[in-house]
1. List the residue pairs whose Cβ atoms are under 9 Å apart, where the first residue sits in the range 1-21 and is at pLDDT 95 or above and acidic (D, E), the second is buried (at least 16 other Cβ atoms within 10 Å of the Cβ) and in a loop (DSSP other than H, G, I, E, B), and the two are 6 or more positions apart or on different chains.
2. Only residues in the range 148-174 that are closer than 14 Å to D273 by Cβ count as the first member; pair them with residues that are of a type in the set (G, A, S) and outside any loop (DSSP other than H, G, I, E, B), Cβ under 9 angstrom, at least 6 apart or cross-chain, and list the lot.
3. Mind listing whichever residues of the range 252-268 are surrounded by 19 or more Cβ atoms within 10 Å (Cβ to Cβ), of a type outside the set (A, V, I, L, M, F, W, C) and not in a strand (DSSP E or B)?
4. Can you find a residue in the range 131-148 that is of a type in the set (D, E, K, R), modelled with pLDDT of 95 or more and surrounded by 19 or more Cβ atoms within 10 Å (Cβ to Cβ)?
5. In this structure, does V153 turn out to be closer than 23 Å to K271 by Cα and either surrounded by 14 or more Cβ atoms within 10 Å (Cβ to Cβ) or among the polar types (S, T, N, Q) (or both)?
6. Of all residues in the range 111-140, how many are farther than 15 Å from T37 by Cβ and part of a loop (DSSP other than H, G, I, E, B)?
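The values are calculated or read from the model by the stated rules, or taken from the named source; none is laboratory data. All values derive from a computational prediction rather than experimental measurement. Backbone-built Cβ (ideal geometry, glycine too); neighbour counts: all protein chains shown.
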Amino acid sequence: MNLWLPPSGETFLARAPVTFASGAAMRVKGMRWFRDTERRDIQGDLPGWPKGPTYTARSTPKASALNTLKGTAIAAGTLVWGALSSQGGGVGGPGGRTGADVSDEHSDEVDDFPVIWGAPESTARTLPWRLDPDRSPQARYRTHAVITDRRVVIVGFPYLKGDDSTVEDEVLWETGRGSIASVELRDFKTDLDVKFTFTDGSWTRLSSQKRERLTRYLIEPLDFIPLDSLATAQRETAERFAAAQAPDAQAPLVRRNACGCFRVEVLAPSKVDPFFGHPGLHTVMNAAGDELKLTEYHPDDFLT
């Protein structure tokens, strides 16, 4: 593998798959747009971008008909699931990923679905076209976000189904953490989306199968505890956990959870996966330095 890694002195924190998001409301389902601050389409003005599809939001009657059809299908599936469950089979529910049913950004989630919003020369307009599943299908090319304590880097690499050991990173884009004004989880209809707003007022809406991993160290404070500040037993547990991981495992990152326990996380570049990014190898220890069993975790100790 040829992975992008930060230079010495910069800390690798997370790696997660990422693309531009797709609309979930029936009017815009499966669609996305690129807008200026007057809501005009700008995809033809983005430098170096290949031509992509031009979408038109569905009319209200058509969207209502699709919603009715979807509701009928869900109801039928629920009946089948109920019948199977009544026979005592080990059958899971008819659901899947779920999110909020009501949008609090109606103009950007129901009537329209921008994934880039910005004035000319703004940061959002510099994002790479490879993030667009319409222009760069994920079946052939993957895009990941790498998070460090200094920046966010978007990398891409050719993907061959079944080959999970070859990642040849190409740096597509990067920005310093100081250029990001806010990172917000967007939960309408799904639990995959996140909105990045930049300090110049532009923004982008992205999607990640590992959203918590993508956003964790952009939302949480980077208040890692230096190993030499830990009690002896705590430091030994953290170092022992790191030593048990891959040979290229980095120094453990230790944080104190709200419950008083300590999360120990280790990143090893060799564990990067083309589909999931980096899994984030972690354990939890108590104040005495004892590793906790999963059944002993507090709610604050769990990661997704």
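1. Within 9 Å, the pairs are E10/R150.
2. Hits for this filter: V155/A145; D169/G156.
3. Correct list: P252 only.
4. Looking for residues that are of a type in the set (D, E, K, R), modelled with pLDDT of 95 or more and surrounded by 19 or more Cβ atoms within 10 Å (Cβ to Cβ), one finds at least one in the range 131-148, hence yes.
5. It is true that V153 is closer than 23 Å to K271 by Cα and either surrounded by 14 or more Cβ atoms within 10 Å (Cβ to Cβ) or among the polar types (S, T, N, Q) (or both).
6. Number satisfying all stated conditions: 13.
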